[in-house]
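The values are calculated or read from the model by the stated rules, or taken from the named source; none is laboratory data. Computed from a predicted structure; not experimentally measured. Every residue, glycine as well, gets a Cβ built from its backbone with ideal geometry; the counts of neighbours run over all protein chains shown.
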Amino acid sequence: MNTSLLLISGILVLCTFLPFLLFNKAGKSDIKLMSKQFKQMAEKGNLKLDVKENWGNSMIGIDKVQNKLVFSKIKDGEPFTQMISINEIDKCEIITKTKLVRTNSKRESVLEKLHLELSFIAQDKNNLVLGFYDNQDIYGEDFELKRAQKWSELITAGLDLNTARKAVA
């Protein structure tokens with residue numbers, strides 16, 4: 001009788017915790033694939049990423065010597081990775097969308113979306129939007145504004161360096 005009680009208890013514990021473990025593992029497989037694609041893109045371009053960062057379902061890195069940016073994000077369950085030459089960028093802007101919410105007689109501004117918009121020098125190239133935060137995603141806000149400002153400054157520094165190189169040449 002003691003053995004059967006232990007067996008049933010073990011089965012109940014497995015039935016309770018096994019789904020959590022399986023869902024956790026399934027969610028991490030997308031992030032592993034994104035990370036792998038990110039590293040492959042950097043290796044393909046022979047980039048040495050001076051600064052890189054990952055959060056939620058996104059990764060970004062910059063090679064200051066080659067003046068290139070690598071951005072990776074999971075969209076609709078599929079990893080999307082892109083390499084961008086900073087030399088082709090005209091300007092970088094932070095785009096925010098907020099909403100006023102009333103809570104307990106106070107009005108608070110709630111961040112809905114935060115993106116970096118890259119405008120290219122070539123007129124035939126469309127602007128590129130790098131999504132840093134969207135409240136529709138499953139990840140919560142975690143210093144995304146500071147992160148976007150940091151990366152905007154890094155990209156702008158690359159643009160300034162590129163302008164200085166053109167002026168010298």
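When we screen Leu154, Leu145, Leu159, Leu111 for residues that are of a type in the set (A, V, I, L, M, F, W, C), farther than 21 Å from Lys75 by Cα and at pLDDT below 85, the only hit is Leu159. Against the list (1) at pLDDT 85 or above; (2) closer than 21 Å to Met41 by Cα, the condition Gly56 fails is (1).
Considering only region 122-129, I want to know if a residue exists there that is in a strand (DSSP E or B) and either at pLDDT 85 or above or surrounded by 15 or more Cβ atoms within 10 Å (Cβ to Cβ) (or both).
We begin by selecting, within region 122-129, every residue in a strand (DSSP E or B); these are 128-129.
In the following step, the residues that additionally are either at pLDDT 85 or above or surrounded by 15 or more Cβ atoms within 10 Å (Cβ to Cβ) (or both) were identified as 128-129.
The answer is yes, given that some residue of region 122-129 is in a strand (DSSP E or B) and either at pLDDT 85 or above or surrounded by 15 or more Cβ atoms within 10 Å (Cβ to Cβ) (or both).
Taking region 75-102 as the region of interest, how many residues are in contact with a Lys or Arg (Cβ under 8 Å, 6 or more places away or on another chain) and not in a strand (DSSP E or B)? Looking only at that region, the number is 2. The condition (being under 18 Å from Gly131 (Cα atoms) and not in a strand (DSSP E or B)) is satisfied by just one residue among Ser72, Ser35: Ser35. Could you please tell me which pairs satisfy a Cβ distance under 9 Å, a separation of 6+ or placement on different chains, a first residue in region 35-53 that is touching a residue at least 12 places away in the same chain (Cβ under 8 Å), and a second residue that is exposed (fewer than 13 other Cβ atoms within 10 Å of the Cβ) and among the β-branched types (Val, Ile, Thr)? Once the first residue is touching a residue at least 12 places away in the same chain (Cβ under 8 Å) and sits in region 35-53, its partners that are exposed (fewer than 13 other Cβ atoms within 10 Å of the Cβ) and among the β-branched types (Val, Ile, Thr) give Leu47/Val65; Lys48/Val65; Asp50/Val65.
Taken as a whole, region 83-103 holds no residue that is surrounded by 17 or more Cβ atoms within 10 Å (Cβ to Cβ) and on the phi > 0 side of the Ramachandran plot.
The criterion of being of a type in the set (Lys, Arg), out of contact with any Lys or Arg (no Cβ under 8 Å at 6 or more places or on another chain) and surrounded by 14 or more Cβ atoms within 10 Å (Cβ to Cβ) holds for Lys64.
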